[in-house]
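Where a number appears in this text, it was derived from the coordinates with a stated rule and is not lab data. Computed from a predicted structure; not experimentally measured. Backbone-built Cβ (ideal geometry, glycine too); neighbour counts: all protein chains shown.
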Amino acid sequence: MRLSTLVALGLPFLLAGCGQMPGEPHSPPVPPEQVTDFATLYARNCQACHGTGGQNGPAMDLANPEFQALVDDNTLRTIISDGLPGTQMPAWAQSAGGMLTDQQISAIIGGMRRNWAKPDAFGGATPPAFEQPKGGDANHGRQVYQARCAGCHSGPKRQQLTSPVYLSLVSDQALRSIILAGRPDIGQPDWRMQTPQTSGPPLAPQDVTDVVAYLGSLRNPDVVSAAPTPMPSPRR
Amino acid sequence: MSRMKRIYDWFEQRLQIEGPVREAVLHKVPRNTASWWYVFGSAAFTLLILQVVTGILLALVYVPSAAQAWESLNVLNHQIPLGWFLRAVHAWGSNFMVAVVFIHMAQVFLFGAYKFPRELTWTVGVFLLLLTLGMAFSGQVLRFDQDAYWGLGIGVFIMARVPLIGGQLVHLLLGGPIIAGATLSRFFTLHVFIIPGTLLFLAAVHIWMVLKLGVNEWPMPGRVVHRETYIAEYNKLAHDDGIPFVPGAFWKDLVFSGAVLAAVFVCALVLGPSGPGGQPDPSIIQTVPKPDFPFLWIYSVLSFLPPSLETPFILIAPIAMIAGLLAVPFVASEGEKSWHRRPVAVLALTTVAVAWAVFTHLGMYTPWSPHMNAWSGDPIPVRYLREATPLVRQGAVIFESKQCRNCHQIGGHGGERGPALDDIATRMTPDQMRFKVVTGGGNMPAFGKNLSPPEIEALVAFLETLHPANEPPAADAAQRAIETGGGAPPPVGGHSY
């Protein structure tokens with residue numbers, strides 16, 4: 001009995017000599033604002049919407065090398081820091097009320113480039129500019145849409161692309177990014193429209209701008225608020 | 001021999017301690033008290049000593065200041081050789097001590113050992129229990145990490161609800177209106193001087209009474225306690241069928257205490273120290289604070305109570321429980337000791353034990369508050385988005401950005417305040433979902449003011465897709481009747497909301 005106590009008392013010191021015990025804590029916890037590891041930052045802050053590894057999420061496929069090639073560092077920084085007002089993309093910089101420091105945002109940008117960018121993502125082709133210019137011909141856009149998009153985007157399931165409810169939730173810029181870079185994770189082709197189902201030349205820069213203008217013109221908030229209103233509450 | 005004996009005699013002549021010790025060690029106890037059931041009290045005392053020793057060692061390094069406490073624990077964990085082990089032993093020692101004290105109390109209650117003449121032993125024991133819990137709580141505060149910070153914050157909110165003097169109580173405990181440097185000094189003083197001092201003193205009184213009054217005899221049905229005859233009966237029993245306390249009964253105490261210590265060490269080695277978790281910075285809200293084990297049940301009880309009952313419960317229940325415990329030996333100081341003849345006592349003990357176990361279990365596995373950091377990490381399972389339309393995808397974005405995940409699981413991740421939503425579409429029609437999201441109800445907040453109509457539509461579109469492939473979504477019976485051409489409405493199934 002006394003022996004067992006002795007053994008129990010001596011055991012830890014014996015074992016301590018043989019390396020790490022399962023109970024020994026690893027490294028001290030890092031305060032959240034000092035984390036600069038890309039994988040951790042991305043997993044904590046972005047992957048809920050942009051998907052594990054930057055794809056298959058509900059929001060834009062950030063791991064698409066074409067998207068990475070289209071957008072420059074400054075634009076990325078602005079988008080991440082200030083968010084995209086009017087959409088669900090939040091502002092992340094502390095200066096804009098978010099939780100991330102400027103170093104952390106730089107770490108995210110650097111990490112995205114390191115992991116997801118590829119040299120010569122477009123195989124020599126020159127894509128239209130990333131940013132949606134002002135103006136744009138909605139009527140011409142409708143023709144482009146009918147000719148180039150409707151083939152895939154019709155049928156009961158895909159109608160919603162022209163639904164005002166959907167359109168009021170996405171920005172013009174998001175639509176443009178999707179058209180330009182495509183979303184390989186969900187089957188949306190890039191602006192060159194090269195898929196087994198579709199053929200034809202790449203969309204011209206003006207076509208892209210006009211399709212976005214067309215979709216934008218469908219975004220009529222009156223229609224949206226006339227959507228079925230919920231039942232009134234029976235009691236307060 | 002001669003020199004040692006002379007020194008011994010010199011001291012003995014002055015201290016005169018040999019007689020009392022001999023008496024305490026060799027006094028006769030009834031043979032049947034040498035039982036494995038009678039070892040918990042001594043184990044509790046052994047753990048108390050372990051806590052004192054490890055506590056003193058910890059205090060050599062710990063800095064009781066708000067600015068440095070957290071840092072000094074990290075120094076112990078990572079820089080001082082075996083510092084982490086010391087912390088782990090102290091933390092596990094505390095868990096074991098709380099558990100052993102409770103078991104000891106349950107055993108004493110079940111064996112009727114609190115009856116005449118041991119009422120005061122029980123009363124002192126109740127205070128020892130409270131002090132032990134006080135040690136566990138103040139120790140958790142000294143850890144001064146996020147759990148400690150928020151745990152204390154909640155404790156203080158509870159206290160602030162005491163009518164009239166709530167404010168002063170909080171001030172007294174925290175050393176100010178808020179948790180700050182003075183708070184830690186107060187809790188250090190409590191944890192290191194006031195409570196342990198009292199605890200050691202009362203433990204001594206408790207043990208003194210055990211030695212003086214004798215170990216409770218094994219309860220036999222029909223052997224009834226009467227105030228007039230009990231002492232004579234007990235002495236006769238101890239005399240006729242007695243054995244000396246040491247070693248007759250004591251060796252089992254030693255073995256059990258050794259085993260408990262070994263268990264503490266093994267837990268410490270394998271499971272490690274608790275925390276410190278994140279820094280106690282109130283501006284860091286990415287945290288899921290959880291109280292330490294002995295207090296879990298309180299939090300789950302609170303989280304299940306309707307809000308209107310919270311204050312009465314918080315203020316009345318502890319006082320009622322303590323009063324109940326203190327009253328036990330005075331209500332039933334005579335009579336049967338055997339559990340065969342005390343159905344009410346057995347039933348009461350079982351009820352309390354089961355309720356406690358259930359609430360602790362709930363506290364361990366059900367978050368009593370939303371999962372505040374669930375949303376940012378956990379993606380929507382890819383399979384739920386494979387067939388998604390653009391609107392559904394937007395709905396999923398809103399599901400994440402409005403943090404529905406804080407309270408609802410999807411794909412096995414998220415809070416458990418509300419139901420998991422993986423098959424919500426089989427249980428609710430789109431109209432019912434819309435109504436629920438907008439108006440809330442039944443513990444769910446109303447989101448009508450925080451979501452625009454298109455956002456609600458997108459969210460409902462997403463929720464509508466959440467059903468197993470082989471089970472159709474719920475539909476409104478009337479609408480289905482219209483769509484299928486006015487036939488008899490099919491049976492309505494599962495609209496349980």
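In this structure, the amide hydrogen of B:I243, modeled 1.01 Å from its nitrogen in the peptide plane, lies closer than 5 angstrom to those of B:V29, B:R31, counting only residues at least 5 positions away or on a different chain. Near B:K115, within a Cβ-to-Cβ distance under 12 Å, what is the net charge of the other residues, with Lys and Arg +1 and Asp and Glu -1? Net of charged neighbours comes to +1. Note on B:Q13 and A:A147: their simple-model spin labels are 12.2 nm apart, each label 7 Å out from Cα toward Cβ. Taking Cβ atoms as reference points and 10 Å as the exclusive limit, the residues near B:I380 contribute a net charge of +1, counting Lys and Arg as +1 and Asp and Glu as -1. Of the residues B:M220, B:I103, B:M135, the one whose Cα sits farthest toward the positive end of the charge dipole of the stretch B:22-363, with +1 on the Cβ of Lys and Arg and -1 on the Cβ of Asp and Glu, is B:M220. Roughly how big is chain B's charge dipole about its Cα centre, with Cβ charges of +1 (Lys, Arg) and -1 (Asp, Glu), in debye to the nearest 20? The dipole of chain B has a size of about 1180 debye.
Take the Cα of B:A204, step 7 Å toward its Cβ, do the same at A:A129, and the gap between the two points is 8.7 nm. Each Cα pair under 8 Å and six or more residues apart adds its sequence gap; the mean of these over the residue count of chain B is a relative contact order of 18 percent. Calculated mean residue ellipticity at 222 nm for the protein assembly as shown: -17000 deg cm²/dmol, from DSSP H runs with n ≥ 4 weighted as -39500 (n - 2.57), summed, divided by the residue count and rounded to 500.
Other residues within the sphere of radius under 11 Å centred on the Cβ of A:N56, judged by their own Cβ, net out at +2 (K and R +1, D and E -1). Mean silhouette area of the stretch A:32-116, derived from the convex hull of its C-alpha atoms and averaged over all directions, reads 5.1 nm². The mean of 1/r over all distinct Cα pairs in chain B, once inverted, gives the Kirkwood hydrodynamic radius of 27.3 Å.
Computed on the Cα atoms alone, the convex hull of the stretch B:60-130 gives a volume of 108 cubic angstrom per residue.
The protection proxy used here, the mean number of other Cβ atoms lying within 10 Å of each residue, ranks peptides B:49-57, B:115-123 as follows, highest first: B:115-123, B:49-57. Note on the protein assembly as shown: semi-axes of the ellipsoid equivalent to its C-alpha gyration tensor, largest first and rounded to whole Å, are 68, 32, 21. Here the 3J(HN,Hα) profile of the stretch A:186-199, calculated from phi with Karplus coefficients 6.51, -1.76 and 1.60 at θ = phi - 60°, is 10, x, 7, x, 7, 4, 7, 6, 9, 9, x, 6, 10, 9 Hz, Gly and Pro shown as x. Here the stretch B:207-357 has an Rg and Dmax of 22.7, 70 Å, counting Cα atoms alone.
Database remark: amide H of A:L84 closer than 5 angstrom to the amide H of A:M89 (H placed geometrically; neighbours at sequence offset of 5 or more, or on other chains; Pro and chain starts carry no H). With contacts taken as Cα pairs under 8 Å and at least 6 residues apart, the stretch A:32-116 reaches a relative contact order of 29 percent.
In summary, the stretch A:138-217 shows an alpha-carbon radius of gyration equal to 1.00 times the 2.2 N^0.38 Å reference for compact globular proteins.
Separation of the alpha carbons by more than 18 angstrom is noted, of B:K28/B:K115; B:K402/B:K436; B:K115/B:K252; B:K28/B:K212, for B:K28/B:K115; B:K115/B:K252. Using R0 = 56 Å, the C-beta based FRET efficiency linking B:F250 and A:Q34 works out to 0.55.
Quick one: helix B:119-143 against the long Cα principal axis of chain B, what's the angle to the nearest 10°, folded into 0 to 90? Value to nearest ten degrees: 50. Calculated on C-alpha atoms, the gyration radius of the stretch B:375-481 divided by its Kirkwood radius gives an Rg/Rh of 0.94. The loop-placed trypsin sites (Lys or Arg not before Pro) in the stretch A:70-168, going by DSSP, that have at most 14 neighbouring Cβ atoms within 10 Å of their Cβ come out as A:K134, A:K157, A:R158.
Angle between the Cα long axis of helix B:390-401 and the longest principal axis of chain B, 0 to 90 degrees, nearest 10? Helix B:390-401 sits roughly 30 degrees off the main axis of chain B.
The chymotrypsin sites (Phe, Trp or Tyr not before Pro) found in the stretch A:74-183 include none that occupy coil by DSSP while having at most 11 further C-beta atoms within 10 Å.
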